[in-house]
Amino acid sequence: AAAAAAAAAAVCCARQVRPSPEYLDSADVFLLVDAAEAEAALFQWEGSHSSPEVRAAAAAVAERFAGALSGRVEVVAEASEPAEFWQSLLGLGRASPLPEEKEREIARSAEMRSLQAGHRPSMWRVWARGRGFERVQWLHGPCGRPEQWMLQPEAVCLVDGGACTFVWVGRDASEEDEALATALASRYGQTFEPAMQLSHALAGSEPDELRRLFHGWTVARGRDDTRQLDDLEDARDALQQGSGLIGRVLREGAWPA
């Protein structure tokens, strides 16, 4: 199991996420509990841009896990991870070598964190007709991060991912909302030096670079967006990602190759 701890102002919170390199965020701290073998392993992964407050909060939670499992906590710094950490995170067993495709996955996640440089993602919903006098609303959870459930079918959202600005378009969204969000995103990206790239993402075809901004992203199955994929769907998803069928389906722009 993996848990992510995030902080906003003086508030710290934690939520469970899938154990995967893509969800590691330089601004946060992650606790990894590996109880698959006789001796449980507990890792506290600390992002290079995480605050002392969130590290302390994570340490307190980690000690409770350690007491319950009669284990000890190993603190792991970003970019200095031992092989045992990756083996536990990927569910390979602590004595197993890392397959080449997993090493590429780890390297890709590190590259994305480097591009993001500790920048915490932000998201706004855009209305062309407005709600009263309001046309833009900041969407955030208890710790300031956007959450997947906020991406509603009728919504158009502007997402600042640090290296790219995304315009996310719901299946039932209006063209007027999309047009306004695109214009705002273009102006927003021009305020940075160099200018931030703009990319469209359609609901259900989100690129990996967008999905990783949301802790614990799940793929919808039927009406239940919170259920995890089963093993068959996981394997199919991995195959599609490896072949480029997922993560590159964009309306007007694409993430640089």
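The table below gives the values:
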quantity: Among residues of region 86-111, those that are over 19 Å from the mean Cα position of the chain (by Cα) and among the hydrophobic types (A, V, I, L, M, F, W, C), counted; calculated: 3
quantity: Unique match (being modelled with pLDDT of 90 or more and either under 20 Å from the mean Cα position of the chain (by Cα) or open to solvent by less than 40 Å² (accessible area, probe 1.4 Å) (or both)) among THR218, THR182; calculated: THR182
quantity: Listing of strands (runs of 3 or more DSSP E) fully contained in region 72-168 that carry 1 or more residues being open to solvent by 20 Å² or more (accessible area, probe 1.4 Å); calculated: 73-77, 122-131, 134-139
quantity: Evaluation of PHE133 against (1) of a type in the set (Phe, Trp, Tyr); (2) at pLDDT below 90; (3) in contact with a Cys (Cβ under 9 Å, 6 or more places away or on another chain) (one fails), failing number; calculated: (3)
quantity: GLU63 being among the acidic types (Asp, Glu) and touching a residue at least 24 places away in the same chain (Cβ under 8 Å); calculated: no
quantity: Matching residues, region 73-109, being free of Cβ contacts under 8 Å to residues at least 12 places away in the same chain, over 25 Å from ALA58 (Cα atoms) and in contact with a Gly (Cβ under 9 Å, 6 or more places away or on another chain); calculated: none
quantity: Within region 47-63, tally of residues that are farther than 16 Å from SER114 by Cβ and surrounded by 21 or more Cβ atoms within 10 Å (Cβ to Cβ); calculated: 3
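The values are calculated or read from the model by the stated rules, or taken from the named source; none is laboratory data. Remember, predicted model here, so these are calculated numbers, not experimental data. Neighbour counts run over all protein chains shown; Cβ positions are idealised from the backbone, glycine included. Heavy atoms of the whole protein, side chains included, go into the accessibility calculation; ligands, DNA and RNA do not. Shrake-Rupley method; radii C 1.70, N 1.55, O 1.52, S 1.80 Å.
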